[in-house]
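The values are calculated or read from the model by the stated rules, or taken from the named source; none is laboratory data. Since we're looking at a predicted model, the values are computed, not measured. Using ideal geometry, Cβ is built from the backbone for each residue, glycine included, and neighbour counts are taken over all protein chains shown.
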Amino acid sequence: MNPPTSSKHRRGLRGAAVLAILALFVPGAGAGDLTVRPAERVAHAATAMMLAGARAGQRLVAVGDHGVVLLSDDDGRSWRQARSVPADAMLTAVSFVDARHGWAVGHWGLVLRTEDGGETWQLQRQETHEDRPLFGVHFRDERHGVAVGLWSLVLHTDDGGATWRTQTLPPPAGASRADLNLYGLVADDAGHLYVPSERGLVLRSSDGGVSWSYLATGFKGSLWTGVALPGGSLLMGGLRGAIYRSTDQGVTWSRVESGTSASIVGLAWRAGDGEVVGATAEGGVVVSRDRGAVFAPARRDRRPALTGVVIAADGSAVLLSRQGPVP
C-alpha cells in the first residue's frame, strides 16, 4: 500500500526529515505535552552539542542540546555553563543586542530572555502542546525582535518578548500555502532581514519582520545559514556545499565556488581581516578572502561534525560542533 499523500502528511514527513538532518529532534517530541524542567548543570556541559552562538559584548554565548547554555570570557578558549536556564529543550538560535540583553529560541516554541549576559534566563514563551521549533531569532534593540521556525512560523514582538504576534506569510509562487521551514535570521546594515529557507528561497523583510517577500536564488535545495557583509553583500549557504551571493539586497544571485561538497551549516564575517568563514556538516572549514566571491578549504587538524561558527571579540573564528565548541 502506498503511504498517504495528503498535504498535511507530506508536511509532517518533511518536517521530521529536516529535524533529523539538522540533529534538532528531541526524543519523545510530539508524543504528548511538554513537561518543562530547568536545564541541568552538568560537569560535561562543554561537550554538549551546540547549535548556535553570538557575541554579548566581549563574551561568547553558545546554546544547544538539553537547554545547555555555555559562556566564554576568553574568546572561546574555555567555557562554563550558565547558572540558570528554565527549560531543558533543545535551543537552536541566540541573539544579543548588547553585552547584557539577549534571547534564545528552540524546540516547543521556546523563547528565553537574559538581562545579565547569559548567566541567568527567564522563560517568555512556550507551546507545550505542539513541538513547532523556532530556528532563528534576531532583535534590533531591546524591544523589537523576530523569530522564525518550522512551517513558515514567523513571530514578532515590540515589547522585548513579553508578547509575540504570529505573522501570516503569503504562499510562495506556485504554492497553495506557506509551509516552508525557516532556518535562520540575517540582518544587514540597512535594516533588512533575510531568512534562509527551503527550495532555494530567501525571505526578505524591510519593515522589521511585519511583511515579507520571497527571493529566488536559483538553487533547488535547502539554504540553512547566511551572513550579511558591510557594504551590501549577502551570502546564503546550504545543502551540498551550495553558497549563493547577492550584491543588490537579494534581487539577483550567483552561485560561488565553495571549495566543498559538504553542506554549509554556518557563515560568519571576520571584520578584522575581511574574511568570510564557513563551517560544514562534515567538519570542514572554508574561507573567502574576497567578500564571498570565491571560497577555498582551510586546513584543520580536528574534524568533528560542525554546526556553526561565531566570531570572538579578538577576531578568531570559534566553531560549534556536536561535541561542543571547537577553538
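Scan segment 116-128 residue by residue and report those that are within 18 Å of His144 (Cβ to Cβ) and in contact with a Lys or Arg (Cβ under 6 Å, 6 or more places away or on another chain).
The one that is within 18 Å of His144 (Cβ to Cβ) and in contact with a Lys or Arg (Cβ under 6 Å, 6 or more places away or on another chain): Gln124.
Could you tell me which of the residues Asp131, Asp179, Asp116, Asp141 is assigned to a loop (DSSP other than H, G, I, E, B) and touching a Gly at 6+ places or on another chain (Cβ under 6 Å)?
Values: Asp179 fails: touching a Gly at 6+ places or on another chain (Cβ under 6 Å); Asp116 fails: touching a Gly at 6+ places or on another chain (Cβ under 6 Å); Asp141 fails: touching a Gly at 6+ places or on another chain (Cβ under 6 Å).
Selected residue: Asp131, the only one of Asp131, Asp179, Asp116, Asp141 that is assigned to a loop (DSSP other than H, G, I, E, B) and touching a Gly at 6+ places or on another chain (Cβ under 6 Å).
Is it fair to say Gly191 is under 22 Å from Arg83 (Cβ atoms) and assigned to a loop (DSSP other than H, G, I, E, B)? Please lay out each step first, then the result.
Working: under 22 Å from Arg83 (Cβ atoms): no; assigned to a loop (DSSP other than H, G, I, E, B): yes.
So Gly191 does not fit the description; no.
I'd like to verify a number: residues in segment 232-256 that are assigned to a loop (DSSP other than H, G, I, E, B) and either touching a helix residue (DSSP H, G or I) at 6+ places or on another chain (Cβ under 8 Å) or free of Cβ contacts under 8 Å to residues at least 12 places away in the same chain (or both), how many? Working first, answer last.
Going through segment 232-256, the residues assigned to a loop (DSSP other than H, G, I, E, B) turn out to be 232-233, 242, 247-253, 256.
Then drop every residue that is not either touching a helix residue (DSSP H, G or I) at 6+ places or on another chain (Cβ under 8 Å) or free of Cβ contacts under 8 Å to residues at least 12 places away in the same chain (or both), which leaves 252.
Summing the residues that are assigned to a loop (DSSP other than H, G, I, E, B) and either touching a helix residue (DSSP H, G or I) at 6+ places or on another chain (Cβ under 8 Å) or free of Cβ contacts under 8 Å to residues at least 12 places away in the same chain (or both) in segment 232-256 gives 1.
Within segment 302-312, identify whether any single residue is farther than 19 Å from Val63 by Cα and not in a strand (DSSP E or B), and answer yes or no. Steps first, please.
First, pick out the residues of segment 302-312 that are farther than 19 Å from Val63 by Cα: 302-303.
Subset that is not in a strand (DSSP E or B): 302-303.
Among the residues of segment 302-312, at least one is farther than 19 Å from Val63 by Cα and not in a strand (DSSP E or B), which makes the answer yes.
Do you know which of the residues in segment 179-211 that are within 16 Å of the chain's Cα centre (by Cα) and among the hydroxyl-bearing types (Ser, Thr, Tyr) is nearest to Ala93 (Cα to Cα)?
So the residue we want is Tyr183.
Taking the residues in segment 64-84 that are among the charged types (D, E, K, R) and either not assigned by TED's automatic domain parsing to the domain that holds Val111 or not in a loop (DSSP other than H, G, I, E, B) (or both) as candidates, determine which candidate is nearest to Gly106 (Cα to Cα). Step through it out loud before you land on a result.
From segment 64-84, those among the charged types (D, E, K, R) are 65, 73-75, 77, 80, 83; that's our starting set.
From what's left, either not assigned by TED's automatic domain parsing to the domain that holds Val111 or not in a loop (DSSP other than H, G, I, E, B) (or both): 65, 80.
Values: Asp65: 10, Arg80: 20 Å.
Result: Asp65.
Restricting the search to segment 295-322, which residues are buried (at least 16 other Cβ atoms within 10 Å of the Cβ), modelled with pLDDT of 95 or more and farther than 17 Å from Leu70 by Cβ?
Phe295
Select from segment 236-275 the residues that are among the β-branched types (Val, Ile, Thr) and more than 17 Å from Ala52 (Cα to Cα) and write down the one among them that is surrounded by the most Cβ atoms within 10 Å (Cβ to Cβ). Working first, answer last.
Just the residues of segment 236-275 that are among the β-branched types (Val, Ile, Thr), to begin with: 243, 247, 251-252, 256, 260, 264-265.
Narrowing further to those that are more than 17 Å from Ala52 (Cα to Cα): 243, 247, 251-252, 256, 260.
Values: Ile243: 28, Thr247: 17, Val251: 9, Thr252: 13, Val256: 18, Thr260: 22.
Among those residues, the one meeting the criterion is Ile243.
In segment 184-197, how many residues are out of contact with any Gly (no Cβ under 6 Å at 6 or more places or on another chain) and in contact (Cβ under 8 Å) with a residue 60 or more places away in the chain?
1
Does segment 239-258 contain any residue that is within 18 Å of the chain's Cα centre (by Cα) and polar (S, T, N, Q)?
Checking segment 239-258: not a single residue is within 18 Å of the chain's Cα centre (by Cα) and polar (S, T, N, Q).
Scan segment 158-178 and give yes if some residue there is within 17 Å of the chain's Cα centre (by Cα), among the polar types (S, T, N, Q) and surrounded by 16 or more Cβ atoms within 10 Å (Cβ to Cβ), otherwise no. Explain how you work it out, then say what you get.
From segment 158-178, those within 17 Å of the chain's Cα centre (by Cα) are none; that's our starting set.
Checking segment 158-178: not a single residue is within 17 Å of the chain's Cα centre (by Cα), among the polar types (S, T, N, Q) and surrounded by 16 or more Cβ atoms within 10 Å (Cβ to Cβ).
From the list Arg140, Arg125, exactly one residue is in contact (Cβ under 8 Å) with a residue 24 or more places away in the chain and either surrounded by 21 or more Cβ atoms within 10 Å (Cβ to Cβ) or farther than 24 Å from Val202 by Cβ (or both). Which is it?
On the way: Arg140 fails: either surrounded by 21 or more Cβ atoms within 10 Å (Cβ to Cβ) or farther than 24 Å from Val202 by Cβ (or both).
So the residue among Arg140, Arg125 that is in contact (Cβ under 8 Å) with a residue 24 or more places away in the chain and either surrounded by 21 or more Cβ atoms within 10 Å (Cβ to Cβ) or farther than 24 Å from Val202 by Cβ (or both) is Arg125.
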